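A.B. asks: Here you go, one structure.
The values are calculated or read from the model by the stated rules, or taken from the named source; none is laboratory data. Keep in mind it's a predicted model, so treat the numbers as computed, not measured. Glycine gets a Cβ as well: all are built from the backbone with ideal geometry, and neighbour counts include every protein chain shown.
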Amino acid sequence: MNWQRVATVARTDLKQLARARDFWVPMAALGSLFFVILPAILLGTLTGIGSVETVERLSTTLEALPASAKDQIQGDTPEGRSAYALAVFLVAPVAVIVPLTISTAVGAATIVGERERGTGEFLAHSPAATREIYLGKLIASITPGYLTVIVGFTCYSLLVNLTVGPEVGGWFFPTRQWWLMILWVLPPFLALCLSLVLRLSARVNSTAAAQQASGLVSLPLIMIAYSQATGVLFGAGWLPIVLGAVAWTLALVSLVRGFRSLERSRLLGVAGV
Amino acid sequence: MVYDSETDGTGRERGELAPAPEPTPARAPTAAGGAERRPAENQVATVVDVSKRFGEVQALEGLEIGIARSRITVLLGPNGAGKTTAIRLITGAFAPDDGHVRVFGLDPSGDGGEEVRRRCGVVSAKPSLYDRLSGIDNLRYAAELYGLGRGHAVDQRIDEAAAWFGIEPALGQLVGGYSTGMKTRLALARAILHDPELLLLDEPTSGLDPESARSVLRLVREMTARGRSVLLCTHLLAEAEGLADEIVVVDGGRTVLRGEPRRLAGRYWPLPQVTFRSFDERGLAYLDQHPRVIEAVPVDGGVRVSLSDEPAVASVARWLAEHGTELRAIVPWEPTLEDLYFAIRAEHDLDRTDDAHARDTTDGKGARR
C-alpha cells in the first residue's frame, strides 16, 4: 500500500468537493438547520418562554425513557429537566443523520462519478492500485461527514450549554455517553456505511442509482440515532463500548471486502464487465 | 491467421505467413508453468492471440500486436475495431480472456501491472480531466500518482510539459473552462509528464486545430527519436501517413495485417507504378498495348500504368513519342497509406455494412454491444 497515493487521491477528491459550491452550500444549510437553528428554536422556546403546557407534555414523554436514562437527567426545575432531556435525548440524536447524509452524498458519486465524467480512464491507466484508489476515496467521503460531526457538535454544545446550562447547574454537553458516541461509535458506523456505499458506487451504472441504493445502507446509523433518542444506549454504560467495538470490526471487514470490489474495469464503465 | 510482413523475433522470414500462435492459458502463464513467452528483444510490448468478451459481445478475437522499441506503431481500424480495448489490455486495465499480453516483459494485468502503468503514458480518446481542478492541479495529481512527488522540480517539469503544448498561460484556470483543444493538449502534457517509455495515444488529435495536431505529431516523432516507443490508434489515415514505422490493421477485434507500410505496399503493388501525363490524353489510350505495360488505369490528368520492370519507363516513353504523343510529365506513383489501407480491407473483404456499423459501439470505445 502506497500511502502517499492514498493521500493524493483523498486530497484531490476533497479539493474538488471544496470547489463544488452547488454541493456544500445545501449541505452546510442542512447542518446549520439540525445543529443550530432547530435546537436554538426548541431549547430557546422551552427555557425562555417556559410554556407550562409544553413542559408538561415533554415530562410525560420523558416517562417513556428507561430508568437508567431518567436517572441521568439533571436539573431542579421541570423546565430545566425537560430542556436537558430535549438536548441530550431528542435533538442531538436527530442531528447524527446529517453527517451520514453528507458523506453518503459524496461517497455515492465518488466511483461511479469518475466513470460518468470519463476520469476513471485516467485512474485505470495510472499506477495507483485499486485498493489505494478505494481507500483514498473512502477517506475523502468520510472526512466531510466526520468534519460535520466535529463542527456540528461543537456548535451544538456551545448552544445547549449556553441556553440549558444555567438551568441545570452548568455546562453538561457532551455527556459521557455522547463523548463515546462521537469518538467511538460514530466513526466506525460512518466508515461501515461509507464502505458499503463505495461498493455500491463501484457497481451501479449511474450516480442517481448509487444515491438511491445508498439510502438502505444508512439504516444502521439511523438505528443508532433512534437508540440514542429512546435512551436505549444509556441503559447500560458498556453498551456503547461494545457497539463501537462491533462497528469497528465490521468496518474493517467491510473495508477489506471493499478493496476487492473495485476493479480497474469498473472505472472504465464498459458494458458487460 | 495473421499475415506478418516482418520478422517479429520468432525467426520467420518477412512476408511469410505467421503460424497460428500456440494455445495459451486464459491467464498469463506463470514461471512455474514453464511456458512463458518472452517478448522479442526489440519489442516493448506484445499482444498474442488475445480474446476478450464483454457479456454477449466478443470484443477481441485473435488480436496480435507488436510494439517495437523506438518506433511508431499505428493501430488502424474503424470505430469499434478494438483499438481502445487494445490499449486497455496493454496497461492492464483489462485482463485478456485468452491469449497473453506482455509489456516490458511483464504481465500488465498481474503483478507487473503497477510497473507497466508507471512506464506507460496514455492519452485516451476523451481527455479524462478533472473539470473542477485547474490545469496545474490536474498535472500535479498525475505527477503524484506517477511517483514524481511534489515540489519545485516537479513544477518545473509541469511547466515544460505545458509549454510544449502551449497551454502554460491557462494552467491556473479551471479545466471546466477549457476548449476541447486545450483539454486534449493538457491530456497530452499529462501523458508525457513522467517521461514514459511507451506512449499509448488513442486518437490524440481529435478535436485539435491543425497547429496543435501538428505539434502532437511532432512530439510523437521526437519521442521515438529519444528512444521511446509509441502506439498510435487512429482511423485518420492522413494522421498516420509518413508517421507509421509499422501499421497494424484491425477490424472486428482481430488483427487483419501488420507490417511496415512500405513492405506491405510492395505486397499489394509489387510492380513499378508510373503515371504518364500528356497534353493529349487520347494518345495515352493505347498504353495497355505496350508489351511491358501490365495494367493501365486512367486517372485524373493521365494514365497510371503497372510496368514489368523499372527500365520499362524509358521504353514506354520512347514508344509514346514514336506514336506522336507528347508527354507532359512522368510521375512515379507511390501508394499512400489510404491506398494501402483500402487495398487491405478490400482483400480481406472488410467492407462494412450498415448493420455492422450499428452493432459497433457503445459507451465510448472498445466494447461492442
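A.B. asks: Scan the range A:158-166 and give yes if some residue there is crowded, with 23+ Cβ neighbours inside 10 Å, in contact (Cβ under 8 Å) with a residue 12 or more places away in the chain, in a loop (DSSP other than H, G, I, E, B) and away from chain B (no Cβ under 14 Å), otherwise no.
C.D. replies: Yes, the conditions are met somewhere in the range A:158-166.
A.B. asks: Which of the residues that make up the range A:119-135 are within 7 Å of chain B (Cβ to nearest Cβ) and part of a helix (DSSP H, G or I)?
C.D. replies: A:Glu121, A:Phe122, A:Ala124, A:His125
A.B. asks: Quick one: in the range A:116-151, which of the residues that are under 20 Å from A:Met1 (Cα atoms) and among the charged types (D, E, K, R) is surrounded by the most Cβ atoms within 10 Å (Cβ to Cβ)?
C.D. replies: Ranking the candidates gives A:Lys137 first.
A.B. asks: Just one of B:Phe104, B:Phe165 is among the hydrophobic types (A, V, I, L, M, F, W, C), crowded, with 21+ Cβ neighbours inside 10 Å, assigned by TED's automatic domain parsing to the domain that holds B:Val216 and under 22 Å from the mean Cα position of the chain (by Cα); which is it?
C.D. replies: The conditions single out B:Phe165.
A.B. asks: Across the range A:203-218, which residue is modelled with the lowest pLDDT among those that are polar (S, T, N, Q) and assigned to a helix (DSSP H, G or I)? Working first, answer last.
C.D. replies: Just the residues of the range A:203-218 that are polar (S, T, N, Q), to begin with: A:205-207, A:211-212, A:214, A:218.
Still in the running and assigned to a helix (DSSP H, G or I): A:207, A:211-212, A:214.
On the way: A:Thr207: 82, A:Gln211: 80, A:Gln212: 80, A:Ser214: 77.
Residue satisfying both the conditions and the ranking: A:Ser214.
A.B. asks: Right, something else. Scan (1) on the phi < 0 side of the Ramachandran plot; (2) surrounded by fewer than 19 Cβ atoms within 10 Å (Cβ to Cβ) for the single condition B:Gly121 breaks and write down its number.
C.D. replies: Just one mismatch for B:Gly121, condition (2).
Matching residues to (1) more than 25 Å from A:Ala7 (Cβ to Cβ); (2) more than 14 Å from chain A (Cβ to nearest Cβ); (3) modelled with pLDDT of 85 or more:
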| position | (1), (2), (3) |
| --- | --- |
| B:Ala153 | no, yes, yes |
| B:Gln156 | no, yes, yes |
| B:Glu160 | yes, yes, yes |
| B:Glu168 | yes, yes, yes |
| B:Lys183 | yes, no, yes |
| B:Leu188 | yes, no, yes |
| B:Leu201 | yes, no, yes |
| B:Pro204 | yes, no, yes |
| B:Glu211 | yes, yes, no |
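A.B. asks: Go through (1) within 12 Å of chain B (Cβ to nearest Cβ); (2) assigned to a helix (DSSP H, G or I); (3) modelled with pLDDT under 95 for A:Met1 and report which single condition fails.
C.D. replies: Checking A:Met1 against (1) within 12 Å of chain B (Cβ to nearest Cβ); (2) assigned to a helix (DSSP H, G or I); (3) modelled with pLDDT under 95, the one that fails is (2).
A.B. asks: Which residues, taken from the range B:95-129, are part of a strand (DSSP E or B) and facing another protein chain (nearest Cβ under 8 Å)? Explain how you work it out, then say what you get.
C.D. replies: Step one: list which residues in the range B:95-129 are part of a strand (DSSP E or B), which gives B:98-103, B:106, B:120-123.
Matches in the range B:95-129: B:Cys120, B:Val122.
A.B. asks: B:Gly147: under 18 Å from A:Gln4 (Cα atoms) and part of a loop (DSSP other than H, G, I, E, B), yes or no? Spell out the reasoning first.
C.D. replies: Values: under 18 Å from A:Gln4 (Cα atoms): yes; part of a loop (DSSP other than H, G, I, E, B): yes.
Spelling it out, B:Gly147 is indeed under 18 Å from A:Gln4 (Cα atoms) and part of a loop (DSSP other than H, G, I, E, B).
A.B. asks: Looking at the structure I just gave you, is A:Gly113 more than 14 Å from chain B (Cβ to nearest Cβ), closer than 30 Å to B:Arg117 by Cα, modelled with pLDDT under 90 and part of a helix (DSSP H, G or I)?
C.D. replies: Considered against the rule, which asks whether it is more than 14 Å from chain B (Cβ to nearest Cβ), closer than 30 Å to B:Arg117 by Cα, modelled with pLDDT under 90 and part of a helix (DSSP H, G or I), A:Gly113 comes out as no.
A.B. asks: Look at A:Val52 and say whether it is modelled with pLDDT under 90 and under 30 Å from A:His125 (Cα atoms).
C.D. replies: no
A.B. asks: Somewhere in the range B:133-145, is a residue within 24 Å of the chain's Cα centre (by Cα) and within 7 Å of chain A (Cβ to nearest Cβ)?
C.D. replies: no
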